[in-house]
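Student: Here it is: the structure, laid out below.
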Amino acid sequence: EYQGKAKLYRMEVEKENDRAIALYKRMGYRMLDYRQATKASRDTVPDPAPTPHIRPFSPGDQENFSHLAQQFHASGLIDTPAPPSHFRDTFQTVISHGPHQDGFMICKDGKNVGYALVGFFYANEAGGMQSNLDEMFILPPYRGQGLGKEFLRFFERNYHDRVIVYR
């Protein structure tokens with residue numbers, strides 16, 4: 001049904017469900033070993049603290065975003081690294097204010113030192129819109145300085161009244 005409409009098919013299955021895992025493997029899916037975290041927006045009290053290190057993508061960020069995304073995708077954390085054309089397409093989708101994707105630069109000392117991509121979709125299990133923190137990357141020298149924590153606070157505050165679940 002979705003052939004030609006999607007470039008990646010993703011299913012979620014519990015690690016203990018051996019029959020489902022075997023089925024997906026027979027169908028050519030690769031099993032990824034990572035953990036997901038979800039939180040209901042109703043369980044969140046938005047943090048009113050300012051987030052000076054975070055801003056939406058601007059048209060001049062394309063080259064910097066692509067450079068950062070290439071580093072993230074080359075880090076070994078991604079099962080199938082994306083080609084540079086995907087970074088260009090993602091950036092254009094964000095800049096065109098499409099309803100399904102937002103992008104943010106994470107800044108420190110006047111430099112773009114990271115980025116985050118947030119996607120949206122209707123989640124049946126939640127009964128409403130879900131925001132998905134799809135990618136967040138911070139350059140290694142800037143890690144451990146609270147920038148990731150600041151982004152998560154921003155993420156919850158920014159989408160608190162628009163989604164039911166953060167993921």
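The values are calculated or read from the model by the stated rules, or taken from the named source; none is laboratory data. Just so it is clear, the structure is predicted and the values come from calculations on it, not from any experiment. A quick note on method: Cβ atoms are made from the backbone with ideal geometry, for glycine too, and the neighbour counts reach across all protein chains shown. When the accessible area is computed, the model is the full protein with side chains, heavy atoms only, and any ligands, DNA or RNA have been set aside. Shrake-Rupley method; radii C 1.70, N 1.55, O 1.52, S 1.80 Å.
Every residue, every condition in (1) out of contact with any strand residue (DSSP E or B) (no Cβ under 7 Å at 6 or more places or on another chain); (2) under 28 Å from VAL45 (Cα atoms), yes or no:
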{"site": "PRO59", "(1), (2)": "yes, no"}
{"site": "ASP89", "(1), (2)": "yes, no"}
{"site": "ILE95", "(1), (2)": "yes, no"}
{"site": "ALA116", "(1), (2)": "no, yes"}
{"site": "ALA126", "(1), (2)": "no, yes"}
{"site": "LYS149", "(1), (2)": "yes, yes"}
{"site": "TYR166", "(1), (2)": "no, yes"}
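Student: Which of the residues spanning region 75-87 are closer than 16 Å to GLU63 by Cα, in contact (Cβ under 8 Å) with a residue 12 or more places away in the chain and in a loop (DSSP other than H, G, I, E, B)?
Tutor: Correct list: ALA82 only.
Student: Here's something else I'd like to know. Please work out if ALA6 is within 20 Å of the chain's Cα centre (by Cα), of a type in the set (Gly, Ala, Ser), part of a loop (DSSP other than H, G, I, E, B) and modelled with pLDDT under 80.
Tutor: On the way: within 20 Å of the chain's Cα centre (by Cα): yes; of a type in the set (Gly, Ala, Ser): yes; part of a loop (DSSP other than H, G, I, E, B): yes; modelled with pLDDT under 80: yes.
So ALA6 fits the description; yes.
Student: Report, by residue number, each residue of region 71-104 that is touching a Ser or Thr at 6+ places or on another chain (Cβ under 8 Å) and either surrounded by fewer than 11 Cβ atoms within 10 Å (Cβ to Cβ) or under 23 Å from LYS149 (Cα atoms) (or both).
Tutor: Once the filter is applied, which keeps residues that are touching a Ser or Thr at 6+ places or on another chain (Cβ under 8 Å) and either surrounded by fewer than 11 Cβ atoms within 10 Å (Cβ to Cβ) or under 23 Å from LYS149 (Cα atoms) (or both), region 71-104 yields GLN101, GLY103.
Student: Quick check on region 124-137. Is at least one of its residues in contact (Cβ under 8 Å) with a residue 24 or more places away in the chain, open to solvent by 20 Å² or more (accessible area, probe 1.4 Å), among the small types (Gly, Ala, Ser) and over 15 Å from TYR166 (Cβ atoms)?
Tutor: Scanning region 124-137 turns up no residue that is in contact (Cβ under 8 Å) with a residue 24 or more places away in the chain, open to solvent by 20 Å² or more (accessible area, probe 1.4 Å), among the small types (Gly, Ala, Ser) and over 15 Å from TYR166 (Cβ atoms).
Student: Still on this model: Based on what the data block shows, is VAL113 of a type in the set (Val, Ile, Thr) and farther than 16 Å from TYR166 by Cβ?
Tutor: yes
Student: Kindly list, by first and then second residue, each pair from a residue in region 42-61 that is among the aliphatic types (A, V, I, L, M) to a residue that is in a loop (DSSP other than H, G, I, E, B) and open to solvent by 50 Å² or more (accessible area, probe 1.4 Å), limited to pairs with Cβ atoms under 8 Å and residues at least 6 apart or on different chains.
Tutor: Listed pairs, sorted by first residue: none to list.
Student: Kindly evaluate ASP18 against the criterion of being open to solvent by 20 Å² or more (accessible area, probe 1.4 Å), closer than 17 Å to PHE154 by Cβ and of a type in the set (Asp, Glu).
Tutor: No; evaluated as a whole, the condition is false for this residue.
Student: If you don't mind, there's one more thing I want to ask. Tell me, please, whether a residue that is modelled with pLDDT of 80 or more, closer than 30 Å to ARG153 by Cβ and open to solvent by 100 Å² or more (accessible area, probe 1.4 Å) can be found in region 40-47.
Tutor: no
Student: What residue, among those in region 105-116 that are closer than 16 Å to GLN62 by Cα and in contact with a helix residue (DSSP H, G or I) (Cβ under 7 Å, 6 or more places away or on another chain), is surrounded by the fewest Cβ atoms within 10 Å (Cβ to Cβ)?
Tutor: This residue is ASN112.
Student: Which residue out of ILE106, ILE21 is within 14 Å of the chain's Cα centre (by Cα) and β-branched (Val, Ile, Thr)?
Tutor: The conditions single out ILE106.
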